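Structure record follows, encoded as structure tokens.
The values are calculated or read from the model by the stated rules, or taken from the named source; none is laboratory data. Since this is a predicted model, take the numbers as computed values, not measurements. Cβ atoms come from the backbone with ideal geometry, glycine included; neighbour counts cover every protein chain shown.
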């Protein structure tokens, strides 16, 4: 089915009178201002529109629940030992130069980069790493503390530029675990904080305002409507790498409703909105008005694909859903193209699995092409669906599916309207139950559902298969570790054994990993414990009037997201392992 044939509902941005637009959106000079100076300031500032006001703007503690982690805190103020570029598969050294494991993978030694300093001029050393992990071990309520202490027994400073992580067990993939190691790929993770600032503070109450980080920017303003950061001329990276980030200032700002954001983007008053701030219809209207505004792709689906595909969790412990034939019958009854077109307005595409369609993962997808042909998990075939129900001895009209939906998710509510109708057409009775908060969490974890759409993260080949491991299995009624960590009660020892091998395989052995991946999917596809639906869309339009070099499908050198910690290397670029410098934003003026 051609998505372009589906009607796309376009939100027409209504004309706004000048008085309705916040002052931060307009570019008109105030009386007495020098227009040339104002234009120069605008051309030197990267402006990012937020989807809502900033809560607790004075709390910049990224380890305390309720503190601000984003809005530039983990993207600009702090940096990480390594960055994972999911788009290309590169593992980028940053605050560190290299790492090595011991023979049995029970210890990881990291060599730090010489010349790194905190924003107050103090040197960044291995003592800061030792302190951070000690703080997490001593304060179990802090974010990331549980995962970090489960993985790391202790950290030793062998010298100021060498840190050794002593692991709780053999773990050759520890450096890829952002919940336990400062190697960020998706969103954020373990962040090293300066010992000389945090020592003696209550880490749960300390507001960390302003933050002292190693990043290229320092805080200039933090209010409920804007976090503005100014470039540090003394940033260590300029001395070590010989580069300077192009924007003199970066502002994360809330400018009001979606219509304000659309108008500001059309008028070149902002450079990009964050995810969810602008829907597809509004974006298409803006792109028509301003040719410098474009999304990841120039045509549908427009969106960059977030690393968390949407998969329908099916409660394997509920008969007849415990029968793979029934799960396959449900899969064939789902028209994913219709869901993409209607629920997502054409902003995504169907998916056959639970991994994002990134170029770095394509070799793995190619390795199972024979299985994908044999098991078409993205196919819509009502006749096959009916035949499988008959073979299984199941009359869908005698079954009521309890379909849990997050009532606070506009996306899930839209999908449920389309998907529930499709399942009713297949003969099921469908009871859509919107829930929120603790009630939703408890219901999912106890397994009190038949189907539930959910994200499957983080997008790595072995990590997503691990979600199906029976080590996470608990009987119905007991809380599972997490939604996608087997709340759907799948249990296959044969798959467990292969996943265990994958998790103990050093990352460099890609040939063996591909072979194990094929073996695992030869089990997963016939069982179909969860049903792939669509890729996860992230609409991230960018305005090139003032800034060039933003990642796109035409030049996918990095992930194009401004709310992840990796946004740092979108702004600056990073050293190419084979020489030279990859990417980075540049002035468009």
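Remarks
- Hits in segment 565-588 (condition: part of a loop (DSSP other than H, G, I, E, B) and touching a strand residue (DSSP E or B) at 6+ places or on another chain (Cβ under 9 Å)): 565, 566, 573, 576, 577, 583, 584, 585, 588
- Only residues that are out of contact with any helix residue (DSSP H, G or I) (no Cβ under 6 Å at 6 or more places or on another chain), part of a helix (DSSP H, G or I) and modelled with pLDDT of 95 or more were counted in segment 263-282, giving 2.
Conditions tested, residue by residue: (1) touching a residue at least 12 places away in the same chain (Cβ under 8 Å); (2) out of contact with any strand residue (DSSP E or B) (no Cβ under 7 Å at 6 or more places or on another chain); (3) in a strand (DSSP E or B); (4) over 26 Å from residue 271 (Cα atoms).
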site	(1), (2), (3), (4)
42	yes, yes, no, no
54	yes, no, no, no
61	yes, yes, no, yes
66	no, yes, no, yes
74	yes, yes, no, no
84	yes, no, yes, no
91	yes, no, yes, yes
97	yes, no, yes, yes
121	yes, yes, no, yes
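- Of all residues in segment 273-302, those being crowded, with 18+ Cβ neighbours inside 10 Å and at positive phi number 1.
- Qualifying residue in segment 404-419 (condition: over 25 Å from the mean Cα position of the chain (by Cα) and under 23 Å from residue 324 (Cβ atoms)): no
- Lone unmet requirement of (1) in a helix (DSSP H, G or I); (2) in contact (Cβ under 8 Å) with a residue 12 or more places away in the chain for residue 394: (1)
- Test: residue in segment 371-378 that is crowded, with 23+ Cβ neighbours inside 10 Å, in contact with a helix residue (DSSP H, G or I) (Cβ under 6 Å, 6 or more places away or on another chain), in the same structural domain as residue 453 (by TED's automatic domain parsing) and not in a loop (DSSP other than H, G, I, E, B): no
- Scanning segment 398-418 for residues being part of a helix (DSSP H, G or I) and farther than 19 Å from residue 316 by Cα gives a total of 9.
- Residue in segment 130-141 that is touching a residue at least 12 places away in the same chain (Cβ under 8 Å), surrounded by fewer than 16 Cβ atoms within 10 Å (Cβ to Cβ) and part of a strand (DSSP E or B) present: no
- Qualifying positions in segment 85-141 - under 30 Å from residue 361 (Cα atoms) and touching a helix residue (DSSP H, G or I) at 6+ places or on another chain (Cβ under 7 Å): 86, 87, 88, 89, 92, 99, 108, 112, 113
- Flag if residue 260 is farther than 30 Å from residue 90 by Cα and modelled with pLDDT of 95 or more: yes
- Residue match in segment 434-457 (condition: at positive phi and surrounded by fewer than 16 Cβ atoms within 10 Å (Cβ to Cβ)): yes
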